[in-house]
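This report concerns only the one structure given below.
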Amino acid sequence: MWKPILPALLLIVSPVCLGTHVSQTRRFPNDFLWGVGSSSYQIEGGWNADDKDESIWDVLTHTHPEKIADQSNADISADSYHRWRRDVQMVKELHAGTYRFSLSWPRIMPGGYMNHVSTAGIKYYSNLIDELLRYNITPTVTIYHFELPQKLQELGGWTNPEIIPLFKDFARLVLEMYGDRVKIWTTINEPWHVCEHAYGLDYMAPSYNFPGIPAYLCGHNLLKAHAEVVHMYRDHFQKRQGGRIGISLDTSWPEPRNPDSAEDREASERAMQFYVGWFGHPIFSKHGNYPKVMIERIRNLSKEQDFGIRSRLPEFTTEEIHRIRGTADFFGINHYTSNLVTSNGHNNTGGFPVPSFNHDMGVVESQNEVDWPGSGSVWLRVYPKGMYNLLMWIHREYNSPEIIVTENGVSDRGGLEDYARVDYFNKYLSAVLDAIEDGVNISGYIAWSLMDSYEWKAGFSEKFGFYHVDFTSPQRTRTPKISARVFAQICKTNTIDWNYRPKLEQEQKLVVMAQHPAEEDQSRSSAAQEAISWSLMGALLLVLLR
Ligand code: GBH
């Protein structure tokens, strides 16, 4: 009985709170680049098509399905290996200027070595690129997005320095094959995620779950591999091909739990140095090398932990520091959410294993469950100010680099009426615009994701797409959600329009009814509830106005 009144009250209050937004449309710079992204393992399927060999994700999902939320794998996923023409159509429907996708290393070089290059693999991405160009869409290509050939993992993957020449060989091949047509490259997606979550924890393939040591070896080799590829591009390709190359780092924003506490503010800064500085400082800072706070903390803790004088964080030679510094034409940032942070104090492990990356960082994170709305993922809460704070931090820390937001988006658990996603994009894009207006050099924004896809450990349970994919239909039918229409409008008009909230069209309703009869019932009953709320609000207003 009381339930319907609550939304009624909220409805009265919300237009007041949103007052500043409702009447405003906000404009992005004229040449701002709009895009949408995906990654190979998440959407392609065709896991053993033609001569493709296994990646570390094929092996993880096939041998340990119990580690995946719904025991699924991406053997077929959205079947983009066969349905790439439709994908390009969707990018076009979104009015996006660029499509960010990644290359599957084991599809192109099945065993990870030059001795076997797959013609079919080469051709797949070549066709995709041509199709994009036909519609005037610029390809943004990620060379590495978590898909290591299993054969290379058996050599130790990113912990083996041999990965440096091997990654360079792979990159040389794809630059030769596609570089004439690709103007935006990133070498590696989310190094922190690649190294800490795959080697330090049991989170991403290959699930080493070996804290405190291999993640730093991974990072060390990864930075050198990145730098070698960028030098090769600059020395042999860039002038002729006329593109640009960077890297995509990722981080949540660490908001001090108590903003008045100097210790919490320090914890926030330290978290930024460990998450972003680990890779950002060597590449983007004036003097290069790892951040001072990382070098010192890991050296001191290593000594306390009886590792002797050799820190668990490897050291660069002076020559290596110079070789890595400056190896990016832009700063790619992937960002989704924020955490509250506080320091764990010196004699407290913070509940982390010793040694471990988290213990080295000495920061305890928690979520703001009170003020930040949740999403379809436990780790993802909505705090747009975190996006602004992060962009300002990068701007200040690295002397105003050109920034491209290479990923930003939100999950839910399904459905086409994704107004929560619409709100998320409007709010996070407002934060991006605030940063632009405050002088941050942001040239583009690539939303995550083009369509629902295989969400790594979460399987198909979490949805990030503008397009719904029917994973049960042989065609893997794609249907635009409400957010697709809104994002298309944003790309087309260069503005955020808070009043633009389209309704489902007839064709979309049919899809919902065919697939989720229950969901349709739910939305009908919530519509009824809304109607009751409105009439109650009317009554309330009448009472108030008397
Ligand atoms: C991106 O990574 C990926 O690039 C993309 O492939 C993926 O689809 C997208 O995220 C959405 O997840 O707090 O320890 O529980 C984002 C990286 C993923 C890093 C979630 C933090 C939370 C792990 N983030 N992760 S934890």
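Before moving on, here are some points about what is shown:
- Distance from the C-alpha centroid of the stretch 253-292 to that of the stretch 67-102: 34 Å, rounded to the whole angstrom.
- Note on the chain: helix-only mean residue ellipticity at 222 nm, from DSSP H runs of 4+ residues weighted -39500 (n - 2.57) and normalised by residue number, equals -13000 deg cm²/dmol.
- Taking all Cα-Cα distances within the chain, those exceeding 38 Å account for 28%.
- Solvent accessible area, Å² - Ile436, 1.4 Å probe, full protein context: 40 Å²
- Rounded to the nearest 0.05, the FRET efficiency derived from the C-beta distance between Lys303 and Trp379 at R0 = 41 Å is 0.80.
- Charge dipole of the stretch 2-545 about the Cα centre (unit charges at C-beta), most positive-ward option of Pro254, Thr63, Ser302: Pro254
- Note on His64 and Lys239: the extension gain reaches 58.4 nm, defined as 0.36 nm multiplied by sequence separation minus the Cα-Cα distance.
- Separation of the alpha carbons by more than 21 angstrom is noted, of Lys457/Lys481; Lys67/Lys224; Lys52/Lys224; Lys123/Lys481; Lys92/Lys239; Lys463/Lys509, for Lys457/Lys481; Lys67/Lys224; Lys52/Lys224; Lys123/Lys481; Lys92/Lys239.
- Spin-label model distance (nm) - Tyr135 vs Glu263, 7 Å beyond Cα toward Cβ: 5.4 nm
- Under 16 Å from a label point set 7 Å out along the Cα-to-Cβ vector of Asp169, the amide N atoms of the stretch 46-60 belong to 53.
- Sequentially through the stretch 373-385, phi angles give Karplus couplings (6.51, -1.76, 1.60; θ = phi - 60°) of x, x, 8, x, 10, 4, 7, 10, 10, 8, 8, x, 4 Hz, Gly and Pro residues having no value and appearing as x.
- Shape class for the stretch 448-496, computed from the alpha carbon gyration tensor (a ≥ b ≥ c): oblate, with a/c not under 1.5 and a/b at or below b/c.
- 17 Å Cα-Cα reach of Lys292 towards lysines, excluding residues that sit fewer than 8 places from it in its own chain: Lys303
- With Cα atoms, 0 to 90° folded angle of helix 163-178 axis to the chain main axis: 60 degrees
- Each Lys and Arg contributes +1 and each Asp and Glu -1, all at the Cβ; summed about the Cα centre of the stretch 415-510, the dipole is approximately 320 debye.
- Legend: residues Glu407, Glu176, sorted from most to least accessible area (1.4 Å probe; ligands, DNA and RNA excluded), read Glu176, Glu407.
- Calculated FRET value between Tyr203 and Ser366, using beta carbons and R₀ = 22 Å, to 0.05: 0.75
- Interchain or long-range residues, amide H under 5 Å from Gly376's placed H: Ser411, Asp412
- With every protein chain in place, the stretch 2-545: carbon and sulfur % of accessible area (1.4 Å): 53 percent
- Contact order normalised by residue count of the chain, Cα under 8 Å, 6+ apart, percent: 17 percent
- Label-point gap, in nm, between His287 and Asp180 - each point 7 angstrom along Cα→Cβ: 4.6 nm
- Computed lengthening from Arg85 to Arg310, 0.36 nm per intervening residue step minus Cα-Cα distance: 75.7 nm
- Considering only the stretch 247-363, percent of DSSP beta bridges that pair antiparallel, nearest 5: 10 percent
- Antiparallel bridges, percent of DSSP beta bridges restricted to the stretch 2-545 (to nearest 5): 25 percent
- Under a model in which nothing but the beta-carbon of Lys, Arg (+1) and Asp, Glu (-1) is charged, the chain shows a dipole of about 1180 debye around its Cα centre.
- With DNA, RNA and ligands ignored, accessible area of Phe460 (1.4 Å probe; Å², nearest 10): 40 Å²
- Among Arg265, Arg323, the sequence by solvent-accessible area, most first, with a 1.4 Å probe is Arg265, Arg323.
- In terms of the mean number of neighbouring beta-carbon atoms within 10 Å, the peptides 468-481, 267-280 order highest first as 267-280, 468-481.
- If you plug the beta carbon distance of Asn127 and Ser443 into 1/(1 + (r/R0)^6) with R0 = 25 Å, you get a FRET efficiency near 0.35.
- Ordering 233-239, 450-456 by mean Cβ neighbour count within 10 Å, with the highest value first, yields 450-456, 233-239.
- For the stretch 2-545, the per residue solvent-accessible surface stands at 41 Å², with DNA, RNA and ligands left out and a 1.4 Å probe.
- Karplus-derived 3J(HN,Hα) values for the stretch 463-473, using 6.51 cos²θ - 1.76 cosθ + 1.60 with θ = phi - 60°, are 10, 10, x, 6, 10, 6, 10, 8, 6, 9, 8 Hz; glycine and proline are entered as x.
- Extension gain, Gln506 to Asp75: 0.36 nm times the residue separation minus the Cα-Cα distance gives 151.9 nm.
The values are calculated or read from the model by the stated rules, or taken from the named source; none is laboratory data. Since the model is a prediction, treat every value here as computed from it, not as a measurement. Reconstructed Cβ throughout: ideal geometry from the backbone, glycine too, with neighbour counts over all protein chains shown. What goes into the accessible areas is simple: the full protein's heavy atoms, side chains included, and nothing from ligands, DNA or RNA. Shrake-Rupley method; radii C 1.70, N 1.55, O 1.52, S 1.80 Å.
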